[in-house]
Amino acid sequence: MPVAASAIYFLNLRGDVLINRLYRDDVGGNMVDAFRMHIMQTKELGTCPVRQIGGCSFFYMRISNVYIVIVVSSNANVACAFKFVVEAVALFKSYFGGAFDEDAIRNNFVLIYELLDEIMDFGYPQNLSPEILKLYITQEGVRSPFSSKVPNATLQVTGAVGWRREGLAYKKNEVFLDIVESVNLLMSSKGSVLRCDVTGKILMKCFLSGMPDLKLGLNDKIGLEKESQLKNRPTKRYHGKTIELDDVTFHQCVNLTRFNSEKTVSFVPPDGEFELMKYRITEGVNLPFRVLPTIKELGRTRMEVNVKVKSVFGAKMFALGVVIKIPVPKQTAKTSFQVTSGRAKYNASIDCLVWKIRKFPGQTEPTLSAEIELISTIAEKKSWTRPPIQMEFQVPMFTASGLRVRFLKVWEKSGYNTVEWVRYITKAGSYEVRC
Amino acid sequence: MALSGMRGLSVFISDVRNCQNKEQERLRVDKELGNVRTRFKNEKGLSPYEKKKYVWKMLYIYMLGYDVDFGHMEAVSLISAPKYPEKQVGYIVTACLLNENHDFLRLAINTVRNDIIGRNETFQCLALTLVGNIGGREFAESLAADVQKLLISSSCRPLVRKKAALCLLRLYRKNPDVVNVDGWADRMAQLLDERDLGVLTSSMSLLVALVSNNHEAYWSCLPKCVKTLERLARNQDIPQEYTYYGIPSPWLQVKTMRALQYFPTVEDPNTRRSLFEVLQRILMGTDVVKNVNKNNASHAVLFEALALVMHLDAEKEMMSQCVALLGKFIAVREPNIRYLGLENMTRMLMVTDVQDIIKRHQAQIITSLKDPDISIRRRALDLLYGMCDVSNAKDIVEELLQYLSSADFAMREELSLKAAILAEKFAPDLSWYVDVILQLIDKAGDFVSDDIWFRVVQFVTNNEDLQSYAAAKAREYLNKPAIHETMVKVSAYILGEYGHLLARRPGYSPKELFTIIHEKHPTVSTSTIPILLSSYAKILMHTQPPEPELQNQIWTIFNKYESCIDVEIQQRAAEYFALSRKGASLMDILAEMPKFPERQSALIRKAEDAEVDTAEQSAIKLRAQQQMSTALVVTDQRPPNGMPAQPSIGPLSLVKVPSETVDSQNPGDQGLTHPNGVVYKEDPQPPSQDIIGDLLGTLSIEGPPGAVAQSPQSATYEAEGAPSAADAAALVPVGEESGSVQPIGNINERFYALCLKDSGVLYEDPNIQIGIKAEWRAHQGRLVLFLGNKNTASLGSVQALILPPTHLKMELSLVPETIPPRAQVQCPLEVMNLRPSRDVAVLDFSYKFGPTMVNVKLRLPAVLNKFLQPITVSPEEFFPQWRSLSGPPLKLQEVVRGVRPLPLPEMANLFNTYRLTVCPGLDPNPNNLVASTTFYSETTRAMLCLVRIETDPADRTQLRMTVASGDPTLTFELKEFIKEQLVSIPTAPQRPQGPAAPPPPVAQITAPPPAASQDPGALLAGLL
């Protein structure tokens, strides 16, 4: 097992240490000063997450207003270290009830120290599962409902179904399943797609009694083919689109032997929220929006921007929180807008026209036309590089990949009835259109 | 301040200060910049208050380090505001945001000038500060006179005059040629009579700058300076506010003494006496006290006084007083003072006489070598190095050797180099020298450069009585279990050469020597192995009669290395193996090394280089360095012990006889650079063959003289060089058959290239290269001929004669009779254009190289288009002019045929290179070109010329040309000139040809291909 960290530091944006933990003494306590001096206070910040200064490696990432820095002096596994940080943050979030920021850290010093002691030992990552840790690390705010009985803690830690306690009982057995996809797009100014993919994940929330066994069916290609093969009905094909999933990763609860043999996703779910699987799709993506920009430079000091955005999903659906950021030159002085829906304004700190549409129905095409006046500068006129237009949105009940849940079966020996809720949502990842 | 009224600004500043991190700050600043942009763009305009507020914000943002590239217009416009707060911000922001190259400043010049000549002194101060801070050329040109006036005006308050002096100083430093200081000596002298110390200090700064440039003119200021100094030293009439810790204006004292150092000497005995009195007073009155500030001030004065004492060559008594004072300084605990003491002692060293006095402090200086502060150690080392002579060399070198083992790594290389140099220069006996160097290598092998051990080898080789001693020593060192690789090299070399001298002693038999050397073999790197192989070969050679066992051992080694990947090792192994089988002939070839010729020590040269690199630029320091280094060179020529000095030898040339070609080296060829870009590089450490290598290198670049074929056209000699328009293009290399000397490159092409450019090569042959650099201003021009001798022998009977056509007045300065080897001579040539004409001046150039006399006639590129000045005319100017010049002889039209076909843009380019500005858009027909230019000559003065070319898109070989100007001759000449250029191809030689005859296709073939590809000379010229 590789070493992941010699020390971990939590810094605020100014570079003050909020909390830290040294796991090995091969790095000095003042190494974080080197980080502050050589990374935080220079332009290097944010360019490369791994830096080496004075024989030590620094891995850092920023989460809200906190920098988490891992310092290692030996040849560590970088991916492991970052995974550790991500998992640790998820763990803290589940303890703090959602938020992870400077204030949350300041309010939970004791808890964090306790957790840091538990989740890493001499630089080696340990169990980071909130379900398990919550059994024996309990604080004022997070009182374990089962603190009275921890009958088989060792089984929990080592056993076959480590992620689920036995003896759970709910009055109402419910399962929630969300398919969340984010679309990444880069489109040229002429409208041809340069790069496009969708990364999706299936999130679940289970409130089920006992030890239920769940089986999930999707309209993915391999699963369908296998199914028809097994059922010996080669002629009958699934009606509609089949989806080819790339790079599928599962939560540890999914029975991989069963997946390999039958291509079905079956699992005993952990209690509460978890991420069942992640996937990626590169072919056959349904883009929810088309952006048609025309930007004209009229002389040295004027520009005309016309942007038309077309929603190409069903007319009954709608997108929420649509934000379109249209970059303009740095010397923009005055702007005037005309929009057919939503609101637009010029944001000088990001050098963009920001056009916000709260609710965007399908099959419509609102437009924005803006006139921009530029101030003359003494620097010789550099041709403006025209960064791409960026877009943010959320489209509920729409999947860019076309993925659908065909069935979600719950089987438990007591045979209770369950209620299943399925939701789809598509978000923008980096959705960019060159202009 | 004015900020109190501006809420928006203070809110912004407090917002920025409250930002938690850089990113927030950036966001806030960007938002504010957006706001400022919007405000500035507002059509309604801004009230002065608002403008002021936003410009302050811009300045604040700029000071935070963000780019502000707009709003300069607003800042500049505030300068002309009537109220102080607005004017102030205008001046401050302009000074901060703009530099001298910005065009916006032009807008401000007039306002600034009004403020300077105005009556309001606060405005005057603001304006002077701006001018001083920006100090651009344009400012200097238009304002220097006003500033000067302000400085000497009696009606101004001292405050303004102080600023005026500093402003003028700045302008003068920046553009000494623009600020007119002729006849300023009297005014300066007058200024030095000033009672107000503030004005006096500023004027003294100005004087220092003026005197540093030209001290001759300011002799009259010298007594005044001394008087000022006297006044300060006696503390007479010094107001309280100019006394700093009881010292009367130390700044003024220092500046005055600095100014005095620019005068070579003080001749007037009275002045001299009173000056020395003052200096004496300063020397006596200065001591180390508790208060740091007082120390700083008084020491600054003292050290400047010391510099002045050294400069004036004071009598010995005073000098010894100085040294005694410094001795006190270096004994103080305070490191800063000790540092200054050591540094100044080092400076004192170059003044003769005082060495003995300094020697008294030797013990103290050696203690400083152990100081915890590295800068003090360095100074102490420098001082020890400087003060070393025969009498104390042994002590000092031993001290240095001892210190070496504890010294910083950063210092060790320098230390070992210095120790080696001192040991060499002042060695009482040679065996001591060998001891020292071997000890040095042993102690600090990593820091001993190759030069040092090369030097030992040279010494040993050249001194027979030293050889056996050195061999015994080397053997001793080899006995040690772990020794440095450099030591292996030296020992192996010395034992190989001279081991046989000791063969009788026990433990020195060839076999034992071989074993002990070979023991070190596995640990050494590839650069040492060749030396080991050589030494094996030598041992083998000295073993007579051969011992079969040893022979076999050595042969095995040679065999092994015959397939080594390193070429040097492989070659040696193979050759030695072959040689050692030859028996007796081995003796001849591997005989002892001959003595090295006398050379300058590479070590000392290296030390000199290092010193020059770190030279400080202050006047005193510079002089000191020069004296120091010449002193070194002088002593080095003949070291006291009579040892000949020699240069280094490469490690690989150990068995070869050093080549003797170094003697051709002379000071003239160090870094000789030809104006045409041929740079003769001189290797910093010239090993023997370098010069030849260089010479060959350059020649091979230019190609062998005969190899460059003459173009067929150049063979069409003209009977005489009389220039005429029609045959002007033909070559004029006439006269006596110039023997075997053939020009390199096509003279014709070079001439045409030079017609378009202002610098390049005019002529080149194996002996000489003539480059030209020209500057043209209106109807006058200045050409510089660079005559570069390419040979290692000098060229004699050099003659250059100008045959000017009637329309040019030319004056060539004196051309020297001989050009020294590999030297370059510059001959300026003044040209004045009297009338428009296309005739060409000819340079009749001859020289003698050995027995051959070479004479060439070269056309000089002082052609019509050089006197043209491009000018762009607008349609409003063009059309009335065009119409007013109607019909011949002022306006001439001609249909030209046989034009070489050119696309229109290329033709426009061609015109532009001939300084005829093409004005696009004047002619509605896109196939036509309209160009304009101004012609300058003595008779016509500036004359506008207009040209119109109408081309036929169907037939590019013909066009109609109309030329108009206010002078009939000019019109005709210009028309003919353009015609020539259009008809002929400038890069190709021209045949006499009627304008109507289309070029025969054969001519195209005979024309040489574009010169650049095959003619390196032209290539070089093209690179310029």
Q: Anything losing 50 Å² or more of accessible area from the isolated chain to the full protein assembly: pick those residues out of region B:26-42, probe 1.4 Å, ligands and DNA/RNA ignored.
A: B:D30, B:R37, B:K41
Q) How large is the accessible surface per residue of region B:865-982, computed with a 1.4 Å probe and reported in Å² as a whole number? A) 43
Q: Pull up all non-local amide H partners of A:M187: gap of 5 or more, or a different chain, and H-to-H distance under 5 Å with H placed in the peptide plane.
A: A:L194, A:E432, A:V433, A:R434
**Q.** Computed accessible area, B:C96, all protein chains, 1.4 angstrom probe, square angstrom
**A.** 60
**Q.** Backbone HN-Hα couplings from phi across region B:10-17 [Karplus 6.51/-1.76/1.60, Hz, Gly and Pro as x]
**A.** 5, 5, 4, 5, 5, 4, 5, 5
Q) Rounded to the nearest 20 Debye, what is the dipole magnitude of region B:361-405 about its Cα centre when Lys and Arg each give +1 and Asp and Glu each give -1 at the C-beta? A) 100
**Q.** Threshold 30 Å² - residues in region B:54-79 whose accessible area is reduced by that much or more when the chain is no longer isolated, probe 1.4 Å
**A.** B:D69, B:F70
Q.
In whole percent, and with a 1.4 Å probe on the protein chains, what portion of the accessible area of region B:388-589 is carbon and sulfur?
A. 52
Q.
Per residue, how much accessible surface does region B:2-250 expose to a 1.4 Å probe? Answer in Å², no decimals.
A. 46
**Q.** Rounded D (µm²/s) - region B:87-188, Kirkwood Rh over Cα pairs, Stokes-Einstein at 4 °C, 1.567 mPa s
**A.** 96
**Q.** Residue among A:N65, A:N260, A:S209 farthest towards the positive dipole end of chain A, charges placed on Cβ
**A.** A:N260
Q: For B:S509, tell me the accessible area in Å² from a 1.4 Å probe, rounded to the nearest 10.
A: 40
Q: Can you check what the net charge comes to around B:Y561, using other residues whose Cβ is under 14 Å from the Cβ of B:Y561 (Lys, Arg +1; Asp, Glu -1)?
A: -2
**Q.** Nearest-10 value in Å² for the accessible area of A:T42, using the 1.4 Å probe
**A.** 60
Q) Quick one: buried accessible area between B and A, total over both chains, 1.4 angstrom probe, nearest 100 Å²? A) 1600
Q | ³J(HN,Hα) computed for each position of region A:303-317 - Karplus, 6.51 cos²θ - 1.76 cosθ + 1.60, integer Hz, glycine/proline x | A | 9, 10, 10, 10, 10, 10, 10, 10, 9, 10, 9, x, 5, 7, 8
Q) Within the P(r) computed for chain A, what percentage of the Cα pairs occupies the region above 27 Å? A) 65
Q. Accessible area per residue of region B:507-557 at 1.4 Å probe, in Å²?
A. 40
Q | Rg to Rh, two decimals, where region B:2-250 supplies the alpha carbon set and Rh follows Kirkwood | A | 1.07
Q: Could you work out the mean projected area of the convex hull around the alpha carbons of region B:865-982, in square nanometres to one decimal?
A: 6.6
Q | Threshold 20 Å² - residues in region A:340-361 whose accessible area is reduced by that much or more when the chain is no longer isolated, probe 1.4 Å | A | A:A348, A:S349
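The values are calculated or read from the model by the stated rules, or taken from the named source; none is laboratory data. All of these numbers come straight from a predicted model, not from anything done at the bench. Heads up, the Cβs are rebuilt from the backbone with ideal geometry, glycines too, and the neighbour counts pull from every protein chain shown. Calculation scope for accessible area: heavy atoms of the full protein, side chains included, ligands and nucleic acids excluded. Shrake-Rupley method; radii C 1.70, N 1.55, O 1.52, S 1.80 Å.
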